[in-house]
Structure formats: structure tokens, C-alpha cells
Amino acid sequence: MSATLAETLDAVVGAEPGGAATLADLVTEPVDPGILDEHAKREVRRAILTAVCVPGYQVPFGSREMPVARGWGSGGLQITLAIVGVDDVVKVIDQGDDEGVNAVNLRRLVINTTGAVETTEVDEATVIQTRHRIPEDPLSPDQTLVLQVPVPEPLRGVERNMATLAQMHAEADYARMWVSLYEDKVRNGVITKSTGYPCLVGGRYVIATTPIPRWDIPRLHQAPFLSLFGAGRERKIYAIPPDTDVEPLTFDDVPFEVERTPGASCSLCRASEAYLVEIPPSSFGAADGRWICSDTAWCRRRRSEDNLS
Amino acid sequence: MTPPLTDVETPTQATVATAITEHSERDENVPVLSVRGLHKHFVLHNVDGRRVEGLNGIDLDVRAGEHIALAGSSGAGKSTLLKCIYRTYLPSAGTVTLRSPNGPVELTGLADAKLAAIRGREFGYVSQFLRAEPRRGALDIVARAGIARGMDRETAIEAAAVALRRLHLDESLWDVFASVLSGGEKQRVNLAAGTISPPQLLLLDEPVSALDPANREAALALIADLTATGVAVLAVFHDLDAMDRLASRVVVMRSGRIIESGPPDQVLHHLEGVAR
Amino acid sequence: MTVYDTARDTAGDTSSDTRLEDATIAYSKAPSAGQPVLRVERLGKIFGDQNLAAVAHTGPNAGTEKSPDGNSVVAAWDVSFNVAAGEAFGVIGESGSGKSTVMRAIAGDHSSTAGSVWMQRRDGSTVDLLTMTASERRALRVDELSVVYQDAAEGLDLGVTAGGNVADRLTAAGWRNFGQIRERAAELLGRTEVPLERMDDLVRTFSGGMRQRVQLARALANRPPIVLLDEPTTGLDASVAAGVLDLIRSLLEELGIAAVVVSHDFAVIEMLTTRCMVMQHGRVVEQGLTDQLFEDPQAPYTQRLVAAARA
């Protein structure tokens, strides 16, 4: 986390420790404020605090213009920028891959403007920003997961009107959500929602779990780490504090199932108990199979451990 | 003035069942129905505001087990009297007192909701016409009338079957929609529904007018049985023969008044050719 | 601003108006036996300028519901009636009479200007609906008070299947078992004579009469003690309407639900209700037993209406 406010003020104004500098002094100082100035950071942090106090509630915030286009992680980026400082180690992944173009860009932005250090190893990171995946490695209570969210509203498919949506969340009236699950099952025999599956947080608010796959949903339930969800375009922040119940919405007699392909395993590290993605046989050069781990860092570490053992 | 019924509940199965006490258990000396000074006039606001007289002071008692036939030419006020008692018409003056488990009830002053609650339960009205959902079967209609008066489902269906058989309604017609029945068939269903598990007082308004002679016989026999079980009956019939057979007393009306009252053989003799 | 009136119900009501700690909701702990389940007291609704002075210039005597300055409509005023448990009560009138306004006031579809609507809840307590918040009234609509609208699109989600529309009410009441939800929906739709093979069709593809049947199934899903029906068969073909009317009557009888039936159609009121009231220009003109109102109407307006209906 960032240096204490007092230390920062001292550094800026050059006053004696304990002297009375003001936030105004801080703001007018000529040091490059980076992409997100302190006012904006403060607003984001306050939104985060509210979100943590009311798990699952979508807190509106004044989303700033970011050097990434709307819909490309500007919300997650603002959260990360608001909470990291020179002591932080940041990992950024996109679809589980540290080397995806977007992940690389975002990581560069964060590192260059905050003085934090980058990593691809989960156990070194203090903050992990992600789109679409939760890392396979278990996270600890000291780590924070920041998720990029395109559509934060779980009821978006069943209701358009903003006032009605606010009312539905306020009254915990999720009947329309249940109806859409019912219709899904009736039409398709199963509930087909695959990513962004709606979940009940802390027994109160229903959230959209961003585009993370079903595979990752059970890992949110009673997790030891903090998860922060940022939607820049929609201007909402919500949170799942550690040790919170997260239950995917489903009928009592329709168990929640995660994705599985029987018999599939990663062609690089042989893992079968991980989220796998399919690749066309011609583009990779793998000798056998068309599946690899989505979490590239995890897969790489498994392979290096295999080699060592 | 008798106090009105207090705290009358909407009839549930249990309350209706307890209300249907055997008629013979009640105090024989108190008339089931007691009409005093009943007047009825109509004001036709939309014609020229004229006033039409219906009843000009009726005093009448009906006791358990009595069958009182109302005779007189049309316009005499026979149906009007029945409707004033049932309160389909609002009496203009006078009282209508009904014997009830909670004591006598004065019907003209009773609140609508309470009256609706005791109609069907304490006294019934059987008109000429069947008023029921067109798509219900005859057996269903009659059985439901019994259930509404406190019978359980099995007993009601059985009693309905017995009644329909008695009135010679062919079993093949028991399940067809009542709307497709003939006039005479409908009237028999109506009569069966009106008299199943009967209340202490029945008002009959030309209940066999559409029946051919054979069916009429059966219907009159059924009505005769009512009085045998202690039901008080006040009836309007078209024909003298029916009145002669059923009535314990004939009351002759003209221009809204009772002009004569006595046993059938005495009164009807005078009315030959008049009360058509 | 709600104008309260403490006029006693003539049917021997013994409720006492004791305010609980929560002063925002008016409760009355009254014995439930013999109590009406719905008691409307001097209900009033003015649209537009909330100008109470307009009341004196509107009504049957003035021949209009609109105020002289044209800025207010006294859609309903001084409307009082009771409905007993299991009883069907009719509200009859021509357009502009205020009958739909009264229904919507009870349903909570719009606010009211004056009066009280006392409803007996499942736990036996009585509450004035007009003192509740919109949230609380919405919660009532799940399983204590249902509405069937003239336009089925208002009471249904056309983009959802017939079964889904019923499932909506069940899940709102907390049902979470898919199999049971489906079974109950099928049972209700069967009871309202919607063909089983159409249970999974979007309601948008249904005819008017079928839509009303789905609306009925949905309204009855959680067995509410009270249902409001607003012109339930208006706009349907005669033969279709007859079937729906039949169905409503047998459902009301079988389930012992208290109902308020609003209609301009005498046949509907006659078939479904035991007591009713006639409204004109926002006021109650006459009230009584349905058969008495139709065969021996007292008020000139009622006589006119009945004569026209019989013609």
C-alpha cells in the first residue's frame, strides 16, 4: 500500500515530521500525479470502502478518463492505481495469461506511474489485476484481487430501467433473475449461463461475477482474500470481503456445475484439474492434445517443478 | 323490534353444518317466517317518476312443515312478496322476521353482508330459471349446492344423484354442460339444487312451470316431501291441481293484498277459472 | 396528505385503532372472525392539482369528475365498502365513473389523496395500506393481494413463457426447487385451462383469452386471500369471455378467495358477485346485494343503467 499520508506530505512540502501540511498542498505540488490524481484516488478508495462494508452492493463512482478505452479494463485499472504504491508487487493477467497484449499494456501503465514492482508469480504479488480468470494458485489474506468488469449489473438482461433496477436491488427483489434461470433451464434443459454467473453475496446482493468462468466461481466462496470489482464504463465498484458467502444462483434441485471436458488435460504440464482452454492443433506445435492451461504462469511453474524433481 | 344478527361469519363448512340443525328440533310454536305490514312500491324515475304499488300491507306466518300456496291473477303481487322476503326487492315498509339459531332475525333491516351470509343457509329461493355457470354439469351443480349447505363431498354427490334420479333426469345428461339442456331439464336441475339439504324455509317461484305432466308428478312429490321433513314452504304455482295437492293453506292475493286464506278445498273451490 | 376519518363500519366492527411503536404504519389489532378482509373507508383520489375545493364542484350532481378550472380530476371521492372473506364484491360503472381508480388505489398502482384501505393480513392483524411505503405494498403483492388487469400485458411479462410468469410469483415467495416450481405452475395452468403443451410458449404468442388465463394462474400462484379483477373479460370475444368468466367464478368459489370485481358489464357483475356498488363521476351512487340492485334499483342513475343493460 502507499506510504502514509504524513510521509508523503513531508516529502512534498519539506516540512518537519509532525508539521501541519494540508491535502491542498499535496495537490498543488508539481510532481507528476500519474494517470490518476490524488483526488480521484481518494474517491475510488472511498467507493471501495463502501463496497467492502456492503458486500455485493454496486457503489457508483466518478470514473475518470483512462489511457485504455472504455470496456478494456479502465475500472480495474482505476482500482489498482488507487490502492498500489511503491511497496506493492503487481501481477496483471488477461484470460490467465501475463503476456496477453492488454495485460502487458495495463501492467506497464501501473508500473511506470506508481513505482510498484511487477511480477508474473502469484506468490510474489500483493495485487493481482485480472480479466476473465482467478489464478489457479490459492491466494492469501495479504493479497488483493482486482477484477475487470464490463457489465456489473446482473439484472441487465431482464430489466433496462435504472430506477427499477435500483429498486430491485434495494428490495432484494430478484424474482426476474430467477425467472430468467427458469426460462434458461426450460429452453435448454440446463442453465446455460457460462461466464458472469450471478451469485448471491453475503446472503443479500446478487452480483455479476464478470467474465470469469464457472470454474472460478466456487473459489470466491469464503475466500481468504479480498476481491474488488471495477467497471469503468458503467462507473460502478463492488467488493467481496474475505470470508464472505458467495453462492451461485441455482435451484435446490439443479446443482451448480463447473466446466469439465472428460479426459482432457494440458498438453504441456499434463494437469487435468485446472481450467483448460482449447487451441487449434496447427498453431502451437504441441505433439499431442489440443488443451493447455489458461493460467500460463501456473502451468510454467508446474513444468519447471517437474523438471527439477 | 328484534335485535339484528351480530357477528355473523361468512359460512364455512363447519358453521354451515352446525346451522343446519334438524328443523323439528326448533321451537314449533314460533313461525319460521313472520311477515307484518309489508308494503312495497316502486318509483320509476326514468319513466315519469311514477309510483307503482306492489304490496299494500301483507301479514303472513309460515310454520315448519307448512306449505302455503300463494294464489291470484298475475300482477297480484305473489312474486313480489317472495322477492321482498328474499330481499331481492327492498320492502318499503313492514317487517320480515325469520327464525334462526341465534334468535329471530329481522331481514329488512339487516346489513347486506349479513343477509348474503344467511341466504341459502337459513332460507332459500327457487326461481323458475337455472342460474349457474353454463359449462357445469347437472350433477356438479346440485352437489355443489349441497356442499354449500354443509354436506361433505361424498354425501353431496350421492344426494344429488338421488335427487336427479327422482326427477327422472337421465343419467347421460348429468355431465353435459347445463347450457345445452332443455328448459324442462334445466328446471329440474334447478329444483334439485334448490332443495338439496334444504334450509328451514324455501320460497318457490313457479318451480315446475316448464315440466311436462310426467316430470311434474315427480317434482311435486319431491316438494311434498319437503314439508314432510319439516321445511316451511311458501310457493307460487300456476296450476290449481298442484296447489290442491301440496298446500296446507292457500292464500289468495289481489292488488297487493291478501283477500282470502284457508285450506285448499275451501279456497280453491272459489278460484276455479280465476287463478290462472 | 391523507385525510383520516374515524367513521365506524356499520357491520358491527369492533376494531380499535391502536398505534404500535412503529408510528408510520397504522395497525389495528382486531378479532378476525366476522371482520371484513378488506374495508375501504372514504377513499379519494384527485389527479392533477391536489385541490380539495374541486370536490364540491364534481360528482353526479355536477355531471363531471373534472374541476371547473380543468386542473384537477376528482376521479374518486368518499368511496366506502367492505368485502368479507370469500366474498366477491362488484364495482360497476361507465367510463369516468372512477371504478378503475378505486381498484388501482387498493392495488397500490397509484397513491391516494384521502381515506383508508384496511386489509386483514394472513396473521390476523389489520393494516391501512395507504400508510405503507411503496416497498411494503409491493411485498404484499407477492402473496396477500393479487391483481388481474384488463390488459394482460400489464399483469404479465409477454417475453416470458406461461410457466415462467407463474414461476415469477413463486420465486418471489421464496420457492427454490425447480421441479416443485414446475409442478405447481403446471397445476395452476391446468386449473385455469391453459393447454399443458403451451406451458413453455412465450405469452406473447397467446390469444387474449389465453393470456387472461395465464394472468389468473399467476395471480393465484401464492394463494392470496384477496384478488382484484379489473374488467377481466372486456375486449375478449363473447364466447371466449364466457369461458373465462366461468373459470373465474368456479375458482373464486373453490378457493374461497375474497374478490373485488370491477366491470361495466352487468353480466359479469351478476355472475360473479353477491354484493356490488354503482359509481358515477367518481362517487358511489348506490350499494347493495347484486340481485337487489339489478331487480329493484333505487337511484335514478342505477335504474337508467339497468334499463340500458336489459335492453
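Check whether at least one residue in the range C:224-235 is under 27 Å from C:V160 (Cα atoms), within 14 Å of another protein chain (Cβ to nearest Cβ) and not polar (S, T, N, Q), and report yes or no. Scanning the range C:224-235, I find at least one residue that is under 27 Å from C:V160 (Cα atoms), within 14 Å of another protein chain (Cβ to nearest Cβ) and not polar (S, T, N, Q), so the answer is yes. Taken across the range C:172-183, residues that are among the small types (G, A, S) and on the phi > 0 side of the Ramachandran plot do occur, with at least one present. The numbered conditions (1) open to solvent by 60 Å² or more (accessible area, probe 1.4 Å); (2) in contact with a strand residue (DSSP E or B) (Cβ under 9 Å, 6 or more places away or on another chain); (3) not hydroxyl-bearing (S, T, Y) are all true for A:R204 except (2). Being of a type in the set (A, V, I, L, M) and either away from chain C (no Cβ under 14 Å) or in a strand (DSSP E or B) (or both) is not true of B:A116. In this structure, A:I93 does not qualify as part of a loop (DSSP other than H, G, I, E, B), in contact with a Lys or Arg (Cβ under 7 Å, 6 or more places away or on another chain) and crowded, with 17+ Cβ neighbours inside 10 Å. Please indicate, with yes or no, whether at least one residue in the range B:175-188 is among the aromatic types (F, W, Y) and open to solvent by less than 30 Å² (accessible area, probe 1.4 Å). Checked the range B:175-188: no residue is among the aromatic types (F, W, Y) and open to solvent by less than 30 Å² (accessible area, probe 1.4 Å).
The set of residues in the range A:99-120 being hydrophobic (A, V, I, L, M, F, W, C), in a helix (DSSP H, G or I) and in contact with a strand residue (DSSP E or B) (Cβ under 7 Å, 6 or more places away or on another chain) consists of A:A103, A:L106, A:V110, A:I111. The residue that is farthest from the other protein chains (Cβ to nearest Cβ), counting only those in the range B:25-43 that are in a strand (DSSP E or B) and open to solvent by 60 Å² or more (accessible area, probe 1.4 Å), is B:R36.
Being open to solvent by 10 Å² or more (accessible area, probe 1.4 Å), assigned to a strand (DSSP E or B) and among the hydrophobic types (A, V, I, L, M, F, W, C) is the requirement here; does C:F89 meet it? In short, no. When you scan the range B:197-211, do you find a residue that is among the small types (G, A, S) and touching a Leu at 6+ places or on another chain (Cβ under 8 Å), even just one? Looking through the range B:197-211, none of the residues is among the small types (G, A, S) and touching a Leu at 6+ places or on another chain (Cβ under 8 Å).
Quick grid of which residues meet (1) outside any loop (DSSP other than H, G, I, E, B); (2) touching a Phe, Trp or Tyr at 6+ places or on another chain (Cβ under 7 Å); (3) modelled with pLDDT of 90 or more; (4) within 14 Å of C:R283 (Cα to Cα):
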| site | (1), (2), (3), (4) |
| --- | --- |
| C:G12 | no, no, no, no |
| C:I25 | no, no, no, no |
| C:R39 | yes, yes, yes, no |
| C:A53 | yes, no, yes, no |
| C:A56 | yes, no, yes, yes |
| C:T101 | yes, no, yes, yes |
| C:A105 | yes, no, yes, no |
| C:S112 | no, no, yes, no |
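Listed by position, the helices (runs of 4 or more DSSP H) enclosed by the range C:119-234 that each have at least 2 residues that are open to solvent by less than 20 Å² (accessible area, probe 1.4 Å) are C:152-155, C:162-172, C:178-191, C:208-220.
The set of residues in the range C:235-277 that are open to solvent by 20 Å² or more (accessible area, probe 1.4 Å), in contact with a Gly (Cβ under 6 Å, 6 or more places away or on another chain) and assigned to a helix (DSSP H, G or I) contains only C:V240. Please verify whether C:S95 is closer than 17 Å to C:E41 by Cβ and surrounded by fewer than 17 Cβ atoms within 10 Å (Cβ to Cβ), treating the condition exactly as stated. Considered against the rule, which asks whether it is closer than 17 Å to C:E41 by Cβ and surrounded by fewer than 17 Cβ atoms within 10 Å (Cβ to Cβ), C:S95 comes out as no. Filtering the range B:131-145 to residues that are open to solvent by less than 40 Å² (accessible area, probe 1.4 Å) and within 14 Å of another protein chain (Cβ to nearest Cβ) leaves B:A132, B:E133, B:R136, B:G137, B:I141, B:A143, B:A145. So, in the range A:151-210, exactly how many residues are within 12 Å of chain C (Cβ to nearest Cβ), β-branched (V, I, T), over 15 Å from A:P255 (Cα atoms) and not in a helix (DSSP H, G or I)? So the answer is 1.
In this structure, is C:E270 more than 17 Å from the chain's Cα centre (by Cα), facing another protein chain (nearest Cβ under 9 Å) and among the charged types (D, E, K, R)? Against the criterion (more than 17 Å from the chain's Cα centre (by Cα), facing another protein chain (nearest Cβ under 9 Å) and among the charged types (D, E, K, R)), C:E270 does not qualify. Scan the range B:94-113 for residues that are in contact (Cβ under 8 Å) with a residue 60 or more places away in the chain and either charged (D, E, K, R) or away from chain C (no Cβ under 13 Å) (or both) and the total you get is 11.
Scanning the range C:278-293 for residues that are within 17 Å of B:T88 (Cβ to Cβ) and either open to solvent by less than 10 Å² (accessible area, probe 1.4 Å) or facing another protein chain (nearest Cβ under 9 Å) (or both) yields C:V278, C:Q287, C:G288, C:L289, C:T290, C:D291, C:Q292, C:L293. Inclusion of A:R290 among residues that are touching a helix residue (DSSP H, G or I) at 6+ places or on another chain (Cβ under 6 Å) and either open to solvent by 50 Å² or more (accessible area, probe 1.4 Å) or without any contact (Cβ under 8 Å) to a residue 40 or more places away in the chain (or both) is warranted.
The values are calculated or read from the model by the stated rules, or taken from the named source; none is laboratory data. Here the structure is a predicted model, which means the values were calculated and not measured. For neighbour counting, all protein chains shown are included, and Cβ atoms are generated from backbone atoms with ideal geometry for every residue, glycine included. For accessibility, only protein heavy atoms count, side chains too; no ligands or nucleic acids. Shrake-Rupley method; radii C 1.70, N 1.55, O 1.52, S 1.80 Å.
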